[in-house]
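Heads up, the thing below is written out as structure tokens.
The values are calculated or read from the model by the stated rules, or taken from the named source; none is laboratory data. This structure is a prediction, so every number in the text was calculated from the model and none was measured. We place every Cβ from the backbone using ideal geometry, glycine too, and count neighbours over all the protein chains shown.
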Amino acid sequence: MWVKVKFFASLRELMNRADARVELPEGGSVEDVWLAASDGREKPANVLAAVNMEYVDFSAPVRDGDEVAFFPPVTGG
Amino acid sequence: MPVEVLESPFNPWQRLQDYETRPEAPHGRIGATAVFVGTMRDFNLDDGVAAMTLEHYPGMTEGYLERISAEADARWGLLDSLILHRVGRLAPQDPIVLVAVWSSHRREAFEACRWLMEELKSKAPFWKRETLTDGSARWVEENTRGY
């Protein structure tokens, strides 16, 4: 299956890209998406994840066509 | 209960006046209005800050703000609320955020306004990048706790 990946803010700079598309086996998790999209980079401790614009844990399942986003702690307001 | 992400500067007081005087505003029943306006400081962590760029996650940010707006409405029985938040490049003292809450009594207005701000600060996907007065730039790593 294929999923769409987005990186924001400092994580986008670390990854040198804002978007990616990755292929992974059915039944994969957000953690698997990170491994497939991060070119082997170690995951920073404070990275947050969302699937289809909802916060999730890295153990959450992903499905074909999902949008998975990774970003640092939020600093709005 | 509108929420809006704005790409250009706004005047929160003008927006409040426009919002309160629109014909469909809940006139008559309002006994309390609580307003929070956040503005950009010219310092952070003992450094001078010359400018700031705010980015967001289009779609998720608006969805999150709409959800906490609806949750505050249900929890405190609000008459109305308004949330505006800037993105893009800001200069010191530019307004960043407006949270306004209307209710019949002050307790609900104070509590809901505070809760909305803390939820927004801790979970709404916005990120700040500062340009310091010495020309260097850095991402703000985390928000200070409000409580």
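Would you check if A:GLU54 is out of contact with any Gly (no Cβ under 9 Å at 6 or more places or on another chain), within 14 Å of chain B (Cβ to nearest Cβ) and either over 27 Å from B:LEU65 (Cβ atoms) or acidic (Asp, Glu) (or both)?
It is false that A:GLU54 is out of contact with any Gly (no Cβ under 9 Å at 6 or more places or on another chain), within 14 Å of chain B (Cβ to nearest Cβ) and either over 27 Å from B:LEU65 (Cβ atoms) or acidic (Asp, Glu) (or both).
Applying the selection to segment B:102-146, what residues are within 14 Å of another protein chain (Cβ to nearest Cβ) and over 23 Å from B:GLU7 (Cβ atoms)?
B:CYS113, B:ARG114, B:TRP115, B:GLU118, B:SER122, B:GLU141, B:GLU142, B:THR144, B:ARG145, B:GLY146
Results for (1) touching a helix residue (DSSP H, G or I) at 6+ places or on another chain (Cβ under 9 Å); (2) within 13 Å of another protein chain (Cβ to nearest Cβ); (3) modelled with pLDDT of 95 or more; (4) buried (at least 21 other Cβ atoms within 10 Å of the Cβ), shown as yes or no for each residue.
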residue	(1), (2), (3), (4)
A:LYS4	no, yes, yes, no
A:TRP34	no, no, yes, no
A:GLY40	no, no, no, no
A:VAL47	yes, yes, yes, no
A:ALA60	yes, no, yes, no
A:VAL68	yes, yes, yes, yes
A:GLY76	yes, yes, yes, yes
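Those residues that are within 12 Å of chain B (Cβ to nearest Cβ), surrounded by fewer than 17 Cβ atoms within 10 Å (Cβ to Cβ) and without any contact (Cβ under 8 Å) to a residue 24 or more places away in the chain, I need them from segment A:6-31; list them, please.
A:GLU13, A:ALA18, listed by residue number.
Is it the case that B:PRO58 is outside any strand (DSSP E or B), within 13 Å of chain A (Cβ to nearest Cβ) and surrounded by fewer than 23 Cβ atoms within 10 Å (Cβ to Cβ)?
Spelling it out, B:PRO58 is indeed outside any strand (DSSP E or B), within 13 Å of chain A (Cβ to nearest Cβ) and surrounded by fewer than 23 Cβ atoms within 10 Å (Cβ to Cβ).
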